[in-house]
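What follows is a single structure, written as structure tokens, with notes after it.
The values are calculated or read from the model by the stated rules, or taken from the named source; none is laboratory data. Remember, predicted model here, so these are calculated numbers, not experimental data. In this analysis, Cβ positions are derived from the backbone assuming ideal geometry, glycine residues included, and neighbour counts consider all displayed protein chains.
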Amino acid sequence: MPVADRPMPPLNADERSTLAGWLEFYRATLADKCEGLDERQLRAASVPPSPVTLLGLIQHMAEVERNWFRRVLVGEAAPPIYDPQADPEGVDGGFDLHDDVNFDTAHAIWQREMAQARANCADRPLDQTSPYLAGEVTLRWIYTHMIAEYARHNGHADLIRERIDGRTGV
């Protein structure tokens, strides 16, 4: 999605619209960082010594979406996407690349996870709690965490993209 088409978060809206707007903005930003690159470039770990790639970030964010909006928010027993043997209660994976998963496949999976996340959030109040670890977590907290998660990884994506073809941007 070209930057010009990226949804701008609302400047004067209620809390839920603001949180959802920022999450959509950062989701679109990650997609934009991958725009126009070929499969080889999307698999390139271009910021040594880090092994992180743009494809790995897309896969990771699909796993993170699944974890927070399916496992935690609604209690679904959704298995890990890219490593079925991984502990669903463990650290979100997805960074490792596999020969049988190309960008189009990973992008489609990520899109499905985001669509499910939107559906799972649609009718829930921000202060609704879900069990998490030894306590509870609110949808508000999950939105805030996801915004931070995307913002952090978009910084990584910006550096990776710059090293691939010199493109930078917000």
In region 102-132, the residues that are of a type in the set (Val, Ile, Thr) and crowded, with 17+ Cβ neighbours inside 10 Å | Ile109
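Criterion first (buried (at least 18 other Cβ atoms within 10 Å of the Cβ), in contact with a helix residue (DSSP H, G or I) (Cβ under 6 Å, 6 or more places away or on another chain) and assigned to a loop (DSSP other than H, G, I, E, B)) does Tyr26 satisfy it?
On the way: buried (at least 18 other Cβ atoms within 10 Å of the Cβ): yes; in contact with a helix residue (DSSP H, G or I) (Cβ under 6 Å, 6 or more places away or on another chain): yes; assigned to a loop (DSSP other than H, G, I, E, B): no.
For Tyr26, the condition - buried (at least 18 other Cβ atoms within 10 Å of the Cβ), in contact with a helix residue (DSSP H, G or I) (Cβ under 6 Å, 6 or more places away or on another chain) and assigned to a loop (DSSP other than H, G, I, E, B) - is not met.
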Name the single residue, out of those in region 133-157 being surrounded by 16 or more Cβ atoms within 10 Å (Cβ to Cβ) and under 18 Å from Ala31 (Cβ atoms), that is nearest to the chain's Cα centre (by Cα).
-> Tyr150
For region 41-57, which residues satisfy the criterion of being closer than 18 Å to Ala148 by Cβ and crowded, with 23+ Cβ neighbours inside 10 Å?
-> Leu57
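Do we find that Glu65 is at pLDDT 95 or above and either surrounded by 19 or more Cβ atoms within 10 Å (Cβ to Cβ) or closer than 30 Å to Gly135 by Cβ (or both) in this structure?
Working: at pLDDT 95 or above: yes; either surrounded by 19 or more Cβ atoms within 10 Å (Cβ to Cβ) or closer than 30 Å to Gly135 by Cβ (or both): yes.
Answer is yes for this residue.
Would you confirm, using the coordinates I've provided, whether Leu19 is surrounded by 18 or more Cβ atoms within 10 Å (Cβ to Cβ), over 21 Å from His107 (Cα atoms), in contact with a helix residue (DSSP H, G or I) (Cβ under 7 Å, 6 or more places away or on another chain) and in contact (Cβ under 8 Å) with a residue 60 or more places away in the chain? Break it down into steps so the answer makes sense when it comes.
Details: surrounded by 18 or more Cβ atoms within 10 Å (Cβ to Cβ): yes; over 21 Å from His107 (Cα atoms): yes; in contact with a helix residue (DSSP H, G or I) (Cβ under 7 Å, 6 or more places away or on another chain): yes; in contact (Cβ under 8 Å) with a residue 60 or more places away in the chain: yes.
When the stated conditions are applied, Leu19 passes them.
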What single numbered condition from (1) free of Cβ contacts under 8 Å to residues at least 60 places away in the same chain; (2) closer than 22 Å to Leu126 by Cβ fails to hold for Glu63?
-> (2)
Among the residues of region 82-132 satisfying the criterion of being of a type in the set (Asp, Glu) and closer than 18 Å to Ile147 by Cα, which is modelled with the lowest pLDDT?
-> Asp92
Note on Gly36: of the conditions (1) touching a Lys or Arg at 6+ places or on another chain (Cβ under 9 Å); (2) part of a loop (DSSP other than H, G, I, E, B); (3) more than 22 Å from Arg6 (Cα to Cα), unmet is (3)
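For region 133-149, name all the residues that are among the aliphatic types (A, V, I, L, M) and at pLDDT 95 or above.
Step one: of region 133-149, the residues among the aliphatic types (A, V, I, L, M) are 133-134, 137, 139, 142, 146-148.
The answer is Val137, Leu139, Ile142, Met146, Ile147, Ala148.
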Would you mind finding the one in Asp32, Asp99, Asp38, Asp83 that is within 18 Å of the chain's Cα centre (by Cα) and surrounded by fewer than 17 Cβ atoms within 10 Å (Cβ to Cβ)?
-> Asp83
